[in-house]
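Written below as structure tokens is the structure these notes are about.
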Amino acid sequence: MTGRCTVTARRFGQLPDGTSITRATLANATGIEVDVISYGGIITRLLVPDARGRLADIVLGLDSLEEYLSPNPYLGALIGRYGNRIAHGRFELDGKTYRLDRNDGAHHLHGGVQGFDKKNWLMETFESGSRAGVVMTLTSPDGDQGYPGRVDIRAVYELSNADELELTLHATTDKPTIVNLTQHSYFNLAGRGDVLDHRLQIGSEIYIPVGADQIPTGELQRVAASPFDFRRPKAIGHDIEADHEQLRRGSGYDHTFVLKTQANEDLMLAARVAEPVSGRVLEVLTVEPGLHFYSGNGLVGDLQGKGRVLSRHGGFCLEPQHFPDSPNQAGFPSVTLLPDATYQSRVLYRFSAMRSGWS
């Protein structure tokens, strides 16, 4: 594909303390556009063509900074220091107990009351021929939301003419701590309606069951002969109302699928989603050992954005990450980050379109 990728930046608003928030628009030669704001590293808009070349915004979002400052279900945000739940907001490291914000009932969720989704990141833009993007940096001080150690984070969003949006994440610390970062966009490849007819495939034979409070039981359960079997493509809504205890506990899908038992640097295809009417296809590739699939069960119509009401199952999340509650689960891959190491993660969102049928 010829043509340059471009990035433009403009003011999106300001925080109550007067801090200016920047919005960067990444655009490639095929028409894909991505808007990212410095507040929360939030993807606020993602235009992608369908099989006929018609563009639609395929992520849920809000219309103003003020709305993003109000409570919302992490729409489009970067999540940290720890994506997903930590039981009772407590973990031990090197013999010391750390207590975190309990912002999800009795538990800790997505980094706490003031997680990375509510921080203003320093943003710089770049262009390099067939690629354009933003480099975002943030310092999380020792004790932030209860976590030990100062952590310096670097997040890079990069759009290419190959119709791929890549997110790379790096973090370092000055004392032992835990880190588990992810991205929390809600996708709807039709750009409207619900996602129950989207056909999803997840390359996993195992998922992680949860208790009544959404904390992992510590077991690993095979997906075979269960509503959690997405090894072959099926509609998200096909089994979502099945009589299954795990679906009742999550009010739908809100579970982590195991991609590999140990983290490594090998990028692998985690999921593929196709919307049958528009033909849009999303593939998610990651180096992470887990993929959390959330079917938008908590969208209850109390928010509106970009001309639509955010209703139940109006979007789905595919969040590459380590497993929930890993600091308290000895059998799960470690999320400990030491001062002499670098946390690294990578997610690739690949967009395409098919003219008819699932391929």
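No value in this document is a laboratory result; all are computed from the given coordinates. Every value quoted in this text rests on a predicted model; they were computed, and no experiment measured them. Heads up, the Cβs are rebuilt from the backbone with ideal geometry, glycines too, and the neighbour counts pull from every protein chain shown.
Tell me, what is the percent relative contact order of region 1-134, built from C-alpha pairs under 8 Å that lie six or more residues apart?
Taking the mean separation of contacting Cα pairs over the length of region 1-134, I get 25 percent.
Sort largest first and round to whole Å: the equivalent ellipsoid semi-axes of the chain, each the square root of five times a Cα gyration tensor eigenvalue.
28, 26, 19
Amide H to amide H under 5 Å from A353: which residues, 5+ apart in sequence or cross-chain, H placed 1.01 Å off N in plane?
Here V281 satisfy the definition.
Could you put H313, H110, H170 in order, starting from the residue whose Cβ has the fewest other Cβ atoms within 10 Å?
H170, H313, H110
By count of other Cβ within 10 Å, fewest leading, how are R272, R350 ordered?
Ordered from fewest to most neighbouring Cβ atoms within 10 Å, R272, R350 come out as R350, R272.
Could you work out which residue, out of S226, S345, S204, moves most in a Gaussian network model of the chain, that is, has the largest mean-square fluctuation with Cα springs under 10 Å?
For the chain, modelled as a Gaussian network with Cα springs under 10 Å, the answer is S226.
Using Cα-Cα distances under 8 Å and only pairs 6 or more residues apart, what relative contact order does region 6-352 have, in percent?
Relative contact order, region 6-352: 18 percent.
Could you check which residue among G112, G305, G218 shows the biggest mean-square fluctuation in a GNM of the chain with a 10 Å Cα cutoff?
G305
Extent of region 56-156 along each principal axis, from alpha carbon coordinates, in Å, largest to smallest?
So the three principal-axis extents are 50, 27, 20 Å.
Taking the chain as a Gaussian network, where each spring joins two C-alpha atoms under 10 Å apart, which residue of V195, V309, V273 fluctuates the most?
Judging by the Gaussian network model, the answer is V309.
How much length, in nm to one decimal, is gained on full extension between T137 and R308, taken as 0.36 nm per residue of separation minus their Cα-Cα distance?
Stretched fully, the T137-R308 segment lengthens by 58.4 nm.
Per residue of the chain, what 222 nm ellipticity follows from adding -39500 (n - 2.57) for every DSSP H run with n ≥ 4, rounded to the nearest 500?
Taking each H run of at least 4 residues, the total per residue is -500 deg cm²/dmol.
Which FRET efficiency, nearest 0.05, do T342 and R4 yield, Cβ-Cβ r, R0 41 Å?
Step by step, r from the Cβ atoms, then E = 0.85.
Region 86-121 to region 276-351: how many Å between their Cα centroids?
Between the Cα centre of region 86-121 and that of region 276-351, the gap is 18 Å.
Go through K119/K260; K118/K306; K119/K175; K119/K234 and tell me which ones have a Cα-Cα distance over 27 Å in this structure.
Listed pairs above 27 Å: K119/K260; K119/K234.
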